[in-house]
Amino acid sequence: MGEGNTLWYLIGYIFLGLAVMYTIFAGFAYLFLYKWRGKFYWASKIQQYYPERKHIMREIWLSVSTLVIFGVVLLGVAWANYHGYTQAYHPADKYGYWYYAFSIVIMVFIHDAYFYWAHRLLHWKPLFKTVHVKHHLSINPTPFAALAFHPMEAVSEILVVPLVAFTIPHYPTAMQIVFIYSLLVNIGGHMGYETVPKEFVRHWIFKWHNTSTHHNMHHRLVKCNYGLYFNIWDRLMGTNHPDYEKHFEEVVDRRDKERLAKLNKKVWAKKNKQKSVKEPVGSRAVQQG
């Protein structure tokens, strides 16, 4: 494949891949929770109201510009990979599959630290007023808010990819796995619905991973809960909101009570249906006797 053909292949692969992934992940989450089954899962909605249409459209248009910026940076990294300038290696088992798995873990933790401190920087008043405020216009975010960034913020978000690509030996698919995981966690944090069990934030392992409620509080209250994947940096730096666990449990209690009420209603309806079917049979037997 010639140089020109390779470039066009990379452009198509990256930009089409980004568009398809974001449309599937964010689009499906939005359609499922805000259109198809929103009423059914309403008790799981963290903030008990829907955002206005204008805010959703703003999130979508900002996401489109973010995807273009991400695509340009990822294209540059892919081109550098192709020419051997990054730390990407081949074949996948060059350093053993244990290292392949370990490189994914390392990249996730590097990204988590990078995101926390870049996010704190974006909350510096001059940057917040001119850049990060675009993202915080989504006080009650939808899945489309995941990439609803000012162009400068979009650049700061994606710069972690070349940072890692040029410093950490990695097989390309390992980085792709991290990118997909990042996108899913980001969409989950902006989903506006809480899905995990009540014990999650008190469990000795799971409490270290963030929830949708955690990031939703950040959008609503602003000066707290800066982390992406994990609840490590917020705990270390004292930036967890003091009522995070309490608010999470309130949301989950409301959700679980609604689920129990629906279940009881179904059981009651089923029993009454069975009763109404049996009664005529008994009545006819009496009449015949």
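Assorted remarks:
- Overall Cα dimensions of region 122-277, principal axis frame, Å, largest first: 70, 39, 31
- Computed over the chain, the alpha-carbon pair-distance distribution with 5 angstrom bins reads 1, 5, 10, 14, 15, 14, 12, 9, 6, 4, 3, 2, 2, 2, 1, 1, 1, 0, 0, each value a whole percent.
- Once the Cα gyration tensor of region 167-250 is diagonalised, semi-axes √(5λ) in Å: 25, 14, 13
- Carbon plus sulfur fraction of accessible area for region 116-205, probe 1.4 Å, in percent: 75 percent
- Taking 19 Å as the cut-off, the amide N atoms of region 56-76 that come nearer than this to a point 7 Å along the Cα-to-beta-carbon line of Thr23 belong to 57-72.
- Estimated FRET transfer efficiency (His90, Asn272; beta-carbon r; R0 45 Å; 0.05): 0.10
- Cα lying deepest toward the dipole's positive end in the chain, options Ile56, Asn231, Pro169, charges on Cβ: Ile56
- Among residues other than Pro197 with Cβ under 13 Å from its Cβ, the summed charge is 0 (Lys and Arg +1, Asp and Glu -1).
- Modelled this way, with points 7 Å down the Cα-to-C-beta line, the labels at Tyr181 and Glu258 are 3.1 nm from one another.
- This model, with +1 at the C-beta of Lys and Arg and -1 at the C-beta of Asp and Glu, gives region 209-260 a dipole about its Cα centre of some 120 debye.
- Multiplying each eigenvalue of the alpha-carbon gyration tensor of region 1-158 by 5 and taking the square root yields semi-axes of 32, 20, 18 Å, largest first, rounded to whole angstroms.
- Of the DSSP H helices in the chain, those whose Cα atoms cover at least 27 Å axially and whose Kyte score averages -0.5 or more: 3-30, 53-82, 97-122
- Pairwise FRET efficiency - Leu127 versus Ile205, Cβ, R0 = 51 Å, nearest 0.05: 0.90
The values are calculated or read from the model by the stated rules, or taken from the named source; none is laboratory data. Every value quoted in this text rests on a predicted model; they were computed, and no experiment measured them. All Cβ positions, glycine included, derive from the backbone under ideal geometry; neighbour counts span all protein chains shown. Side chains included, ligands, DNA and RNA excluded: accessible areas come from the protein's heavy atoms. Shrake-Rupley method; radii C 1.70, N 1.55, O 1.52, S 1.80 Å.
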